[in-house]
Each structure stands twice: as C-alpha cells, then as structure tokens.
1. Bin by bin, in steps of 10 Å, what percent of the Cα pairs in the range 16-122 do you find, going until the bin that has the longest distance?
2. Could you work out the local net charge near Val26, counting Lys and Arg as +1, Asp and Glu as -1, over the other residues with Cβ closer than 12 Å to its Cβ?
3. Suppose we keep just the DSSP beta bridges with both residues in the chain; what percent of those would be antiparallel, to 5?
4. Work out which helices of the chain, taken as complete DSSP H runs, extend at least 20 Å along their axis over the Cα atoms and score a mean Kyte-Doolittle of 0.5 or more, then list them.
5. Quick one: how many lysine pairs does the chain have with C-alpha atoms less than 17 Å apart and a gap of 8 or more or different chains? Give me the count, please.
6. Which percent of the Cα-Cα distances in the chain go past 31 Å?
7. Would you mind checking which residues have amide H under 5 Å from Thr8's amide H? H placed 1.01 Å from N; only 5 or more apart, or other chain.
8. Taking only protein heavy atoms and a 1.4 Å probe, what accessible area per residue, in Å², does the range 19-163 have with all protein chains in place?
Amino acid sequence: MKLFVYHTPELTPADDLPDCAVVIDVLRATTTIATALNAGAEAVQAFSDLEQLMQESEAWSPDKRLRAGERGGAKVEGCDLGNSPLDCTPEFVGGKRLFISTTNGTRALQRVEKSSIVVAGSIINRQSVVRFLSEKQPETVWILGSGWEGGYSLEDTVCAGAIAQSLMSQGADAVTVGNDEVVAAIALYTQWKDNLLQLFHQASHGQRLLRLNCDEDLKYCAAIDSLDVLPIQRSPGLLVKL
Ligand code: 3SL
C-alpha cells in the first residue's frame, strides 16, 4: 500500500485518482457524516452545490429527509440543521437520509468521487479507517484533507497523520510513503497526539468555530477512536455505513 497525503482538494494531481480515497474534514463534515450514520441515518448524500441539494432532496418526502447546510461555519437558512455532529442524535436522524452541503468537506468528497473506493475519515473514527485499509490493502491510498477554501488546515493534517502513523505501526513493510506530506503529517500527529483539543483551539477554523460558540463540537471532534463506524461511498456522493 502506497500512502499519499494531500492537504486540500486543489493539491491533488488533476489527472489521476487513487484505488482508495480517504476524505477528511475533521471540523466538521466527515465527523458529522460518521456520527449521522452511526446514529442510524439511512445514508448521507453530499453536494458541493446547495441549489442542487435543494432540488434533489425535493423528491424525498419531508419525513424521510433532512437537509444539512453550512457556509462559513453557520447553518444555512431553510435547512433543518447546520453541520454540527451534536445534532445527529438517533432520535433526529434515525432512518432518514441526510442531504448535506458544507463549505469544504463536500467539495473534497466530490473531487475524488470517481475513485474505486471512497471512505470518510475523522479523528473519531480513525481506527475504523485504519482497520478497513489494513484488511483491504488498496495499492494506492490518498488521504485527502478538505482544508479551508483552498488553504491548509491543521486539524485535517493531524488526522491524516493519525491514520498514517497507525497504519505504519501495524505493518511498516506493507505500507510505503508516497509523498513528503505523509512524513510531515505523522510528525504533526506525534507532536500533538495527547493534546488534540488544544491543537484544534489553535487552528484557524477551530477559532472560527469557537467564535460561533461551538466549544462542545471541538471537544467531540477531538475524541480519538470514539466511534466504530466507516462511511463508504456506494455511488458518487452517496455514503452509507459499511
Ligand atoms: O468546511 C466544511 O466543510 C465544514 O465542515 C465547515 S464547519 O465546521 O461546518 O464550519
């Protein structure tokens, strides 16, 4: 297995795709997706474009769908929820399809949606991702951070490092480093692994969320390996629980 880390969708090679893409948006899209599926959502359908989300979800009866929209960290008017994983309780999302559009995470999912395998990773389901990759052994793996509007984000890279470090410690011979970003991500994780919440408080998007009073979201998103769930793409943009 050859591992590559990309910090943003814009930094991925334009004319290539991996055998398996792990899309990460720790704050907060992939954390929310993992939480919703773990809480019994039927599926999560991701859109980069809000208008398209509104149109496609219209075909679903209102009691079978939820619209989740976030821009700039805040809930989009007219949606049922924003992008807080804390809203994804079994009572609220159970049995429903979550139609979601976020600033960066859903764009990252779209960038690699034509890969043979696409899974959603975050700090909370890190070990489920590692287990899946160890069992499946795809030849090339891209761990793709969502970043923020084209820029680097600490929380996605530290999660990429957490996945890479765990994979390499399990079977270093079977895992090779595809680019320098893998080494840098592991170094970041090694430095911060016992203080992930503190790192999130320093991260620019963490600070944006703190200004929106999302302190509890940050705590939830920093709880490593707290959920055993793997969101996997069934068809482009449609994620289900494995
Ligand atoms: O950028 C995104 O896709 C979101 O996850 C951002 S937020 O955490 O909902 O503000």
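1. Binned Cα distances yield the sequence 16, 50, 30, 4, 0.
2. Its environment carries a net charge of -2.
3. 25 percent
4. Answer set is 154-170.
5. Lysine pairs meeting both conditions in the chain amount to 5.
6. In whole percent, the long-distance tail amounts to 15.
7. Excluding prolines and chain starts, which carry no amide H, the hits are Gly145.
8. Averaged over the residues of the range 19-163, the accessible area is 34 Å².
The values are calculated or read from the model by the stated rules, or taken from the named source; none is laboratory data. Please read all numbers here as calculations on a predicted model, not as lab measurements. Note that each Cβ is placed from the backbone with ideal geometry, even for glycine, and that neighbours are counted across all protein chains shown. These area figures cover heavy atoms from the full protein model, side chains too; ligands, DNA and RNA do not enter into them. Shrake-Rupley method; radii C 1.70, N 1.55, O 1.52, S 1.80 Å.
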